[in-house]
Amino acid sequence: MFLSVFDVFKIGIGPSSSHTMGPMTAASRFLDELRTGDWPRPRHAVVTSLKASLHGSLAFTGVGHGTGRAVVLGLCGYAPDSVDPDRIDAIVAGVEAEGMVHPEGHPAYRFRPALDLIYDKKERLPGHTNGLQFYAYDADGALLLRRVYYSIGGGFVVSEAELARGELKTDTADVPYPFGDAAQMLAMARDSGLSIAQMKRANEEARIGRRGLEQGLDRLWAAMDGCIERGLRTDGIMPGGLNVSRRAKAIHQQLQTAWQRNELGPLAGNDWLSVFAMAVNEENAAGSRVVTAPTNGAAGVIPSVLKYHQQFEAGASRASIHDMLLTAAAIGGIIKHNASISGAEVGCQGEVGSASAMAAAALCAAMGGTPAQVENAAEIALEHHLGMTCDPVAGLVQIPCIERNAFGAVKAVTAASLAMKGDGTHKVSLDVCVETMRQTGEDMSERYKETSQGGLAVNVPAC
């Protein structure tokens, strides 16, 4: 199995990788198919209008997650990694006012968001709870093309046909260490004498070369670090109607004052971890530029731990940041391949739980941990997120998501520290823990899987 570090970590926009980035990508893919014309249609038929429908979790929490806006942006031809977050409101408002989209390389299509975008809460598509359908019509209203896509978590999108064929971008060709689970990863590490990061690096370089990998890792960390810095200097009320205030800036100012006075209390490390994570997820909630890590809802955990390492570890360097990203991606790939990173599939254990496991492994590696200790750190962190539900209040990635990222980061550091105190020997393997997460997600009620139909979402007033 091979899943690139650049598949696990994607630069995009908030507030959700599966509900914002995925639908935007799906809309863009639908445009690509319209452009190629490689589909059966009546002779001389011309597409003049488009429609879309959202199903399952996308329908239930799509308003709070900005899914409709994402579909509009995608049908306008924008991509998550390049759209300017500061222009989004104007772009969407323009489409709403005109009732048309003007994607580059296409004719203008009629698309009236209020009429042509349906939040269908009755029909759950069979392939995945995050389902979308796109439709293209001619001037007489005849349906020319219909396509189904599924946003399966972390910004990954598959078509109905790809899902049926099992095409989830986990191919094994041309990489020297194609581990598909933790047991294989540890066996390959023992046989090769390499660290997890070194094996992951070899796999990536077999595809894109050393220069491409280094430049890509630099871009990822720059985007993560930039997101932290923006979050630390921005205050105000987050959008969506809950009137939740940003807190990271004020907390950061308090921490800086204490730092300057050399007033470092016993909880200082946790405080810095928390403020870094909250800064990222406040940016995510505001629809700003973030990195899926492995999802947007969990985007603060890994950057927080990397920033913590950079600020508090004397040996921190560009190389250590790269190794941490590679190690985290190796663990994230295993979890995605064998279970899920989608809150709509398995609850928040798949989002913040996976992120915490990835961050724990990354920090353990940076601290000099052996592959066995790194695997142990990941297992400890994931084990103590098992059963965590996804119940965002009002369908917004704010409560409990922002603070939950802070706690995921703190658990990651604790897990790495515990693993470093041992020799890597432990009773519950990471593979067993991942399988347990998968089974728990299957057993979990749909009300607790990103539908905002249970838990805090129904017990906390939305306004």
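Among the residues of segment 437-463, write down those that are assigned to a loop (DSSP other than H, G, I, E, B), in contact with a Ser or Thr (Cβ under 8 Å, 6 or more places away or on another chain) and either open to solvent by 40 Å² or more (accessible area, probe 1.4 Å) or closer than 30 Å to residue 376 by Cβ (or both).
Result: 444, 450.
Tell me whether segment 421-436 contains one or more residues that are surrounded by fewer than 17 Cβ atoms within 10 Å (Cβ to Cβ), within 22 Å of residue 20 (Cα to Cα) and under 22 Å from the mean Cα position of the chain (by Cα).
The answer is no, given that none of the residues of segment 421-436 is surrounded by fewer than 17 Cβ atoms within 10 Å (Cβ to Cβ), within 22 Å of residue 20 (Cα to Cα) and under 22 Å from the mean Cα position of the chain (by Cα).
Residues that are of a type outside the set (Ser, Thr, Tyr) and open to solvent by 40 Å² or more (accessible area, probe 1.4 Å): which strands (runs of 3 or more DSSP E) entirely in segment 58-172 hold 1 or more of them?
117-120, 143-153
Can you tell me which residue within segment 315-337, out of those that are open to solvent by 10 Å² or more (accessible area, probe 1.4 Å) and over 18 Å from residue 215 (Cβ atoms), is farthest from the chain's Cα centre (by Cα)?
315
Would you check which residues across segment 224-251 are assigned to a helix (DSSP H, G or I) and open to solvent by 20 Å² or more (accessible area, probe 1.4 Å) and list them?
The answer is 225, 226, 229, 230, 249, 250, 251.
Look through segment 175-211, keep the residues that are touching a helix residue (DSSP H, G or I) at 6+ places or on another chain (Cβ under 8 Å), more than 20 Å from residue 336 (Cα to Cα) and hydrophobic (A, V, I, L, M, F, W, C), and return whichever of them is most open to solvent (accessible area, probe 1.4 Å).
By that ranking, first place goes to 208.
Mind listing whichever residues of segment 390-410 are open to solvent by 40 Å² or more (accessible area, probe 1.4 Å) and either within 19 Å of the chain's Cα centre (by Cα) or β-branched (Val, Ile, Thr) (or both)?
Hits for segment 390-410 are 399, 403, 404, 407.
For segment 325-368, name all the residues that are free of Cβ contacts under 8 Å to residues at least 60 places away in the same chain, among the hydrophobic types (A, V, I, L, M, F, W, C) and out of contact with any strand residue (DSSP E or B) (no Cβ under 6 Å at 6 or more places or on another chain).
352, 359, 360, 363, 364, 366, 367
For segment 27-42, name all the residues that are in contact (Cβ under 8 Å) with a residue 60 or more places away in the chain and in contact with a helix residue (DSSP H, G or I) (Cβ under 7 Å, 6 or more places away or on another chain). Reasoning before the result, please.
Step one: of segment 27-42, the residues in contact (Cβ under 8 Å) with a residue 60 or more places away in the chain are 27, 29-31, 33-35, 39, 41-42.
Those that are in contact (Cβ under 8 Å) with a residue 60 or more places away in the chain and in contact with a helix residue (DSSP H, G or I) (Cβ under 7 Å, 6 or more places away or on another chain): 27, 31, 39.
Output the number of the condition that residue 90 fails; it satisfies all remaining conditions of (1) among the aliphatic types (A, V, I, L, M); (2) free of Cβ contacts under 8 Å to residues at least 60 places away in the same chain; (3) in contact with a Leu (Cβ under 8 Å, 6 or more places away or on another chain).
Just one mismatch for residue 90, condition (3).
Looking only at segment 374-387, which residues are of a type outside the set (Val, Ile, Thr) and buried (at least 24 other Cβ atoms within 10 Å of the Cβ)?
Matches in segment 374-387: 375, 376, 377, 378, 379, 381, 382, 385.
Taking the condition of being out of contact with any Asp or Glu (no Cβ under 6 Å at 6 or more places or on another chain) and either part of a helix (DSSP H, G or I) or of a type in the set (Val, Ile, Thr) (or both), how many residues in segment 6-45 meet it?
Going through segment 6-45 one residue at a time, the tally reaches 24.
This table checks each residue for (1) free of Cβ contacts under 8 Å to residues at least 24 places away in the same chain; (2) closer than 22 Å to residue 374 by Cα.
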position	(1), (2)
166	yes, no
189	no, yes
197	no, yes
209	yes, no
218	no, no
223	no, no
228	no, no
234	no, no
237	yes, no
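Looking for whichever is hydrophobic (A, V, I, L, M, F, W, C) and under 19 Å from the mean Cα position of the chain (by Cα) here; the options are 208, 228. Which one fits? Outline the logic, then answer.
Details: 208 fails: under 19 Å from the mean Cα position of the chain (by Cα).
Selected residue: 228, the only one of 208, 228 that is hydrophobic (A, V, I, L, M, F, W, C) and under 19 Å from the mean Cα position of the chain (by Cα).
The values are calculated or read from the model by the stated rules, or taken from the named source; none is laboratory data. All values reported here derive from a predicted model rather than from experimental measurement. Cβ coordinates were reconstructed from backbone atoms using ideal geometry, including for glycine residues, and neighbour counts include every protein chain displayed. Heads up: the accessible areas ignore ligands, DNA and RNA and are worked out on the full protein's heavy atoms, side chains in. Shrake-Rupley method; radii C 1.70, N 1.55, O 1.52, S 1.80 Å.
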